[in-house]
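Working notes, structure below.
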Amino acid sequence: MAATSASTATSATAQSSPLVMRIIGAVALAHLINDLIQSVLPSIYPMLKANYGLTFTQVGLITLTFQITASLLQPWVGYYTDRHPNPRVLPLGSICTLIGILMLSTVSSFPMILLASALIGVGSSTFHPEASRIARLASGGRYGLAQSTFQVGGNTGSAFGPLLAAAIIIPFGQGHVAYFGLFALFSVGLLYAISRWYTSHLSLFKLKAGHAATHGLSKTRVIVALSVLAFLVFSKFFYMTSITSYFTFYLIERFAISVASSQLHLFLFLGAVAAGTFFGGPIGDRIGRKAVIWFSILGAAPFTLALPYADLFWTSVLSVIIGFILASAFSAIVVYAQELVPGNVGMIAGIFFGLMFGFGGIGAALLGHLADLHGIVYVYTLCSFLPLLGILAVLLPATKG
């Protein structure tokens, strides 16, 4: 009888909330713009470092400032909007991003760079929980597909950001950062249109009604599973931030290539991240999220361990493989966690996006300090062991997803 009721409830949900790809696509486009703007910041680190005489530690503090504002607010935004969904959060957050990117084009001191970075982070923290909720609402039950499409938008933006920065900002100077404000302005309009659709569909998305847990796990096992997921996010994003924040410096120091060439190598890595993200969600829908999580973290280890000893060609090849494999995990992790704690879609999305930014920020500051002390090559040798933490996936319980 219970199984029949659950099946009926699932069927009703699928009928009342069908797959709406145009909305998922629009949210993914907004995510692309949001993360494209965010990626401008690390892309101009070499220029900022040279212009203002910054140390690697100060570069890490810029990332830390952005990541903390982007991470600490996200769970609270998600927790609040789970109970009081507010479509206006999306365009308001984009306005905050617009102000931050325009400031970044004009500031002339380290403290003001930190303030501009913080504002961009605040815009991001208001975007991710609500946008992730809308993607799930429009998924028609295909949660992995929706989450990976949403995520691949962000990763695509992160990949193209360095290329646009290399073409627009590096040759012409910091003032040209302002051109990225046009993307932010477009995003305000796009998110306003999405918020109108969201407003008209809020009645279909009663998070606390009809969302009882069906996985049969005790509260203790759920807490253990969430803790394991947090450790896996730590290993993934500490390693990822070593690439996104310092890969250009590593390539320039180790292989004596130009800044523009280093940006191209970063683009290849971030493009692989986008591709891995796209495939991770749908594969998780088919074969189970635990299998994807297991392969994605631990499977990258042989390649990360080899990277510090490779020449320039194989460094490029290995970085692409690493990016593809590591990226396939995050969509599966978010959906897996949402299935563990049903009825808290926004809060769980906020927590894990927050962990992503928080671990990335802490990692950037810590790795920057280590680079100042021991050199950038040492950082990559040390980080190469992080994916071995993927062995912790053995502790995750099996679920129906």
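Miscellaneous remarks
- Accessible area per residue for region 281-399, computed on protein heavy atoms with a 1.4 Å probe, is 35 Å².
- Given the chain, longest segment not containing exposed loop trypsin sites (Lys or Arg not before Pro) (DSSP; at most 12 other Cβ within 10 Å): 1-205
- Extent along the principal axes, Cα only, for region 266-357: 49, 27, 19 Å, with the longest axis given first.
- The chain - percent of accessible surface contributed by carbon and sulfur, probe 1.4 Å: 71 percent
- Nitroxide proxy distance, nm - points 7 Å out along Cα→Cβ at Ser261 and Arg83: 5.7 nm
- Helix-only [θ]222 nm of the chain, DSSP H runs n ≥ 4, -39500 (n - 2.57) each, per residue, nearest 500: -26500 deg cm²/dmol
- HN-Hα J in Hz across region 117-122 - Karplus 6.51, -1.76, 1.60, θ = phi - 60°, x for Gly and Pro: 4, 5, 5, 4, x, 4
- Options (1) 31, 23, 20; (2) 34, 25, 17; (3) 38, 23, 20 - which one matches semi-axes √(5λ) of the Cα gyration tensor in Å as calculated here: (2)
- Acute angle (nearest 10 degrees) that the helix 56-83 long axis makes with the longest principal axis of the chain, alpha-carbon atoms: 10 degrees
- Estimated FRET transfer efficiency when R0 is 30 angstrom, pair Ile168-His369 (beta carbons, to 0.05): 0.45
- Computed 3J(HN,Hα) for region 327-334, one whole-Hz value per residue from the Karplus formula 6.51 cos²θ - 1.76 cosθ + 1.60 where θ = phi - 60°, is 5, 5, 7, 5, 4, 5, 5, 5, glycine and proline marked x.
- Other-chain or far-sequence residues with amide H under 5 Å of Leu19's (modelled H): Gly140
- The stretch between Thr106 and Ser200, if pulled fully straight at 0.36 nm per residue, gains 29.9 nm over its current Cα-Cα span.
- Region 368-401 versus region 60-74: alpha-carbon centroid distance in Å: 20 Å
- Backbone HN-Hα couplings from phi across region 45-55 [Karplus 6.51/-1.76/1.60, Hz, Gly and Pro as x]: 3, x, 5, 5, 4, 6, 5, 10, x, 7, 8
- Within region 167-203, chymotrypsin sites (Phe, Trp or Tyr not before Pro) in DSSP loop having at most 12 other beta-carbon neighbours inside 10 Å: Phe172
- Burial ranking of peptide ranges 241-251, 99-109 (average Cβ count within 10 Å, highest at the top): 241-251, 99-109
- Summary of packing: across the peptides 378-386, 294-302, the per-residue average of other C-beta atoms within 10 Å ranks them, highest first, as 294-302, 378-386.
The values are calculated or read from the model by the stated rules, or taken from the named source; none is laboratory data. Everything numeric here is computed off the predicted structure, so don't read it as measured data. Backbone-built Cβ (ideal geometry, glycine too); neighbour counts: all protein chains shown. For accessibility, only protein heavy atoms count, side chains too; no ligands or nucleic acids. Shrake-Rupley method; radii C 1.70, N 1.55, O 1.52, S 1.80 Å.
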